[in-house]
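This structure is in structure tokens; I'll ask about it shortly.
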Amino acid sequence: MGRRHLLKQIMGLDYEELKKLYERLGTINSVAEHLDVSRRSVINWMREGEIKGTIHDRHHMKPRGQTKLFRWIKEHPGTRLPASVKGIAEITGLPRDQVKQALYRRSKEVERSLRSLPMLMQGKGVLTTGKKRIPVAAIAEYDLRVLHYSLEIVVWGTLRDGSAFKAKVSKADYRKMCLGEA
């Protein structure tokens, strides 16, 4: 049974009634609270019923600061930004919270795209940690994090011999290693 049937069978509503309820209550959260369901359920039902709302899903919305920050960067090619939110805010004229949010969201987008690649240990290449070089085939398990400002990837985990490692690698190098191009 698909979700669209749940609206009618469980809630006793059709899409037109849901639309009227949304117009009367004004927000998705209010509708969810009124129906005693999750916000996500209301969003899904509104999408299926093609009901337009002001905010369907915060996750897919682009914050104003992100658009402005990256527009500013495109308009000022070659400008080297400082490594702090305060410095970036001063140079761009944007509020600090918008800069911070834009950088954070960008790093999460990069992290999601990297996690969609094949596993690192299935690829080719070598991670460098200071003086030590680690073939990716020697990795037993790992996790990664994208640094907000530099978009460098920090990879850490354990090797097949049981020892731990931590290494920084660029986005391009990480992709090449995962895809076996290194």
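So if each residue of separation counts as 0.36 nm, and I subtract the Cα-Cα distance between Glu16 and Arg96, what length gain in nm does that give?
Full extension from Glu16 to Arg96 adds 24.6 nm.
Next up: Evaluate the charge dipole of the range 3-57 about its Cα centre and quote only its size in Debye, nearest 20, assuming +1 on the Cβ of each Lys and Arg and -1 on the Cβ of each Asp and Glu.
Rounded to the nearest 20 debye, it is 100 debye.
Under 5 Å between amide hydrogens, which residues at least 5 positions from Leu127 or on another chain qualify, with H placed 1.01 Å from N in the peptide plane?
So Leu127 has HN proximity to Ile134, Val136.
Still on this structure, I have one more. Taking the Cα centre of each part, how many Å lie between the range 68-112 and the range 130-148?
What the calculation gives is 27 Å, centre to centre.
Sticking with this one: In percent, what relative contact order does the chain have, based on Cα pairs under 8 Å that are 6 or more apart in sequence? Walk me through the numbers before you get to the answer.
Values: 213 pairs, mean separation 25.3, N = 182.
Once divided by the residue count of the chain, the mean separation gives 14 percent.
Residue separation times 0.36 nm, minus the C-alpha to C-alpha distance between Ser30 and Ala138: what's the value?
Working: separation 108, 0.36 × 108 = 38.88 nm, distance 5.22 nm.
Stretched fully, the Ser30-Ala138 segment lengthens by 33.7 nm.
Report the convex hull volume per residue for the chain, counting only C-alpha atoms, in Å³.
197 Å³
Every read-out reported here was derived from the displayed coordinates using simple, explicitly stated rules and does not represent laboratory data. Since the model is a prediction, treat every value here as computed from it, not as a measurement. We place every Cβ from the backbone using ideal geometry, glycine too, and count neighbours over all the protein chains shown.
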